[in-house]
1. If you scan segment A:112-123, which residues turn out to be touching a residue at least 40 places away in the same chain (Cβ under 8 Å) and either within 14 Å of chain B (Cβ to nearest Cβ) or within 15 Å of A:GLY161 (Cα to Cα) (or both)?
2. Looking only at strands (runs of 3 or more DSSP E) that lie completely in segment B:47-95, which have at least 2 residues being at pLDDT 90 or above and surrounded by 15 or more Cβ atoms within 10 Å (Cβ to Cβ)?
3. Please verify whether segment B:25-36 includes one or more residues that are in contact (Cβ under 8 Å) with a residue 40 or more places away in the chain and either over 29 Å from B:GLU163 (Cα atoms) or loosely packed, with under 13 Cβ neighbours inside 10 Å (or both).
4. Got a number for residues in segment A:60-114 being in a loop (DSSP other than H, G, I, E, B) and either at pLDDT 95 or above or not β-branched (Val, Ile, Thr) (or both)?
5. Which of the residues belonging to segment A:216-235 are over 24 Å from the mean Cα position of the chain (by Cα), outside any loop (DSSP other than H, G, I, E, B) and touching a residue at least 40 places away in the same chain (Cβ under 8 Å)?
6. Of everything in segment B:141-158 that's at pLDDT below 90 and under 15 Å from B:TYR125 (Cα atoms), which residue is nearest to the other protein chains (Cβ to nearest Cβ)?
7. Confirm whether A:ALA279 is under 21 Å from the mean Cα position of the chain (by Cα) and over 29 Å from A:ILE6 (Cα atoms).
8. Mind listing whichever residues of segment A:215-236 are crowded, with 20+ Cβ neighbours inside 10 Å and in contact with a strand residue (DSSP E or B) (Cβ under 7 Å, 6 or more places away or on another chain)?
Amino acid sequence: MENRSIVSIADYSKTQIKTLLDMASEFEKYPNRELLKGKVVATLFFEPSTRTRLSFETAANRLGARVIGFTDPKVTSSSKGETLKDTIKMVSNYADVIVMRHKLEGAALYASEVTDVPIINAGDGSNLHPSQTMLDLYSIYKTQGTLNNLNIYMVGDLKYGRTVHSLLMSMRKYHPTFHFISPKELEMPEEYKFYCKHNDVKYVEQRDFNEDTIADADILYMTRVQRERFTDLMEYERVKDAYILRADMLTKCKDNMKILHPLPRVNEIEYDVDDSKHAYYFEQAQNGLYAREALICQTLGITLNDIKNDKTIIK
Amino acid sequence: MSKEQLMVAALENGSVIDHIPTDKLFTIVKLLELDKFSEPVFIGNNLDSQIMSRKGLIKVANKFLNEKEISKLAVVCPNIRLTVIKNFEVVEKREIGLPETLSDIVKCPNPVCITNNEPMKTVFYVERHNYIHQMFPYEHELNEQDNAKLKCRYCGKEVDLKEIKLK
């Protein structure tokens, strides 16, 4: 049987991405269905992540599936020394699809190799988080009407920010122009800049963050600058306020510009920005529900046509 | 034969590992566990070589390297030569190059990689992209070991061949 696991979407073709976007769009029109009635979705959170877990569980519930799982590895056999393989093998006997979050990198790929039940990677350490990438792509597509030829400005922690790295790789086929705005200590790693050069993706690096430097952005992707990332705390004190977005910085920006943030935010977006028409981070989180409904269906072999012709919609 | 030449008994059956960098000779002895081997083993180092000025050489009787051992040799020092002898005849002679994939040969240097926390095999892909050549276009004298990187199948980390540890 073909393994329908979703460990990474970095290598998905444009057609595959478009299908998932169209599926998410259908779910946005009618999120409540009984398409997965009789199915069991397991959510195995070996590492706690309330936001991602709630989003996946809501997606499964709104499609009529039932959910089993755990939210804290301390209550499972992994704390007794059970291997990941054994846990996955055991749960495979019960569930039709396994959503898993793990602190170790590569855990989801390994899990997908030891079972025939499809695995959805809900984050493996600092490695991959395809459902976050998918909801980012969906948010960009929905607000801009296209993924092609966009000016995408990434701001803040570009060194450790997993979401910006995944987004960068997934956008490479759509001719974006990236602007990397960060302090020196948290700038985009060489390997991703090399990746851009290698794939003919244009990028500009900037240190200054103000109304002029973001005037051409279509998407402003904000991330958190965390104190613990700095080896030099004086440097942190110097830059910590330099990458905060305020409402008065939006006076020159393009009409279509939208602000994204993977959330949770701390202080990197001032609360006065929330009322701006450019603020999109809460809708972005909501899009996560539709993106995850699409991902769950994809792993279960449910096609876009099945979703369009779905007779189980609850209106 | 002049007195200056080294005399070593011809092998009836076995393997000859030649063109070994002199600083890697004993690493290979250890890697192949030749110190525990009970058949005849000839080990020479700092021998004259036309190709590499000085070299190491190992002749080992009644031992034929398996693919795993050959892969390990390739990781430790690419470009060494392996000759297989059967009934005093050379039946195979080849330069050992890096394979495309290394299965359970090397350890991932990333402590939070799943392979270091589960009883499982490691898998590394050998990447021969011209990364280094693009960064230093004027360096032409780079050999395979300088040029190759290994990429972990699981965590995706890339590591220089020179920095890896065998499993």
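The values are calculated or read from the model by the stated rules, or taken from the named source; none is laboratory data. Bear in mind that the values here come from a model prediction, so they are computed numbers and not experimental data. All Cβ positions, even for glycine, are placed from backbone atoms using ideal geometry, and neighbour counts span all protein chains on display. Surface areas here come from the heavy atoms of the whole protein model, side chains and all, with no ligands, DNA or RNA. Shrake-Rupley method; radii C 1.70, N 1.55, O 1.52, S 1.80 Å.
1. A:SER112, A:ILE119, A:ASN121, A:GLY123
2. Filter on segment B:47-95 gives B:53-61, B:81-86.
3. No - not one qualifying residue is present in segment B:25-36.
4. Result for segment A:60-114: 13.
5. Matches in segment A:216-235: A:GLU235 only.
6. Only one residue tops the list, namely B:GLU158.
7. yes
8. Across segment A:215-236, the qualifying residues are A:ALA217, A:ASP218, A:ILE219, A:LEU220, A:TYR221, A:MET222, A:THR223.
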